[in-house]
1. Taking the criterion of being modelled with pLDDT of 95 or more, under 22 Å from residue 72 (Cα atoms) and touching a strand residue (DSSP E or B) at 6+ places or on another chain (Cβ under 9 Å), would at least one residue in the stretch 109-118 satisfy it?
2. Are there any pairs with C-beta distances below 7 angstrom linking a residue in the stretch 49-67 that is closer than 17 Å to residue 134 by Cα to a residue that is assigned to a helix (DSSP H, G or I) and at pLDDT below 95, with the two at least 6 apart or on different chains, and if so which?
3. Mind listing whichever residues of the stretch 118-148 are farther than 30 Å from residue 208 by Cα, in contact with a helix residue (DSSP H, G or I) (Cβ under 9 Å, 6 or more places away or on another chain) and free of Cβ contacts under 8 Å to residues at least 60 places away in the same chain?
4. Please state which one of 162, 174 is out of contact with any strand residue (DSSP E or B) (no Cβ under 9 Å at 6 or more places or on another chain), farther than 22 Å from residue 35 by Cα and crowded, with 20+ Cβ neighbours inside 10 Å.
5. If residue 156 satisfies every condition in (1) part of a helix (DSSP H, G or I); (2) in contact with a helix residue (DSSP H, G or I) (Cβ under 7 Å, 6 or more places away or on another chain); (3) over 20 Å from residue 70 (Cα atoms) but one, which is the exception?
6. Just one of the numbered conditions (1) part of a loop (DSSP other than H, G, I, E, B); (2) at negative phi; (3) touching a helix residue (DSSP H, G or I) at 6+ places or on another chain (Cβ under 8 Å) is not true of residue 209; which one?
């Protein structure tokens, strides 16, 4: 299939309810070549991903690749303004990786067991069913392009767009992380894009920006991935 207008095909492929009663959606748009998955709001105190994805889905673009979106993986945490979900679990430490470990019940708590959380299982099933060729996750606040798996070329392209440095390591241990699960252990190119902070937090050591100010970068990134 050639390049098509994504405004013509926007539909919910999958949905699930969290333990807090909120829905998570997988939305599809675009063509039929590669599958490009973008996930927003792993952490409820990093809200910009939802805004950026939903704004993109309201637009009219052309894409040869099928674009898959989870606008908000952690709606419970988003509503509460917390990093973890309604069970206090950091979803980015809850994946069934070889390095998953039981941890203290702090803000990085990885759950009582791997894939203990509905949100994690939702993403694991999406990976199995749709087999994405590239995955982009949207985070805050470190202003870097982190990557796992064979994603250096993509990371460098996104770095040129955002002017953020490329970093192979986030700088601290992340047992049970999504990047390890998909990138390291399954060989899928995974980009963890850390935007500038849009809300104040103990990790936000740079100037806070508005979600709207990130849009020009995100739009260009999606234009690149739509035809990658």
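1. Yes, the stretch 109-118 contains at least one residue that is modelled with pLDDT of 95 or more, under 22 Å from residue 72 (Cα atoms) and touching a strand residue (DSSP E or B) at 6+ places or on another chain (Cβ under 9 Å).
2. 63/6; 67/6
3. 124
4. Exactly one of 162, 174 is out of contact with any strand residue (DSSP E or B) (no Cβ under 9 Å at 6 or more places or on another chain), farther than 22 Å from residue 35 by Cα and crowded, with 20+ Cβ neighbours inside 10 Å, namely 174.
5. (2)
6. (3)
The values are calculated or read from the model by the stated rules, or taken from the named source; none is laboratory data. Quick caveat: nothing in here was measured; it's all calculated off a predicted structure. Every residue, glycine as well, gets a Cβ built from its backbone with ideal geometry; the counts of neighbours run over all protein chains shown.
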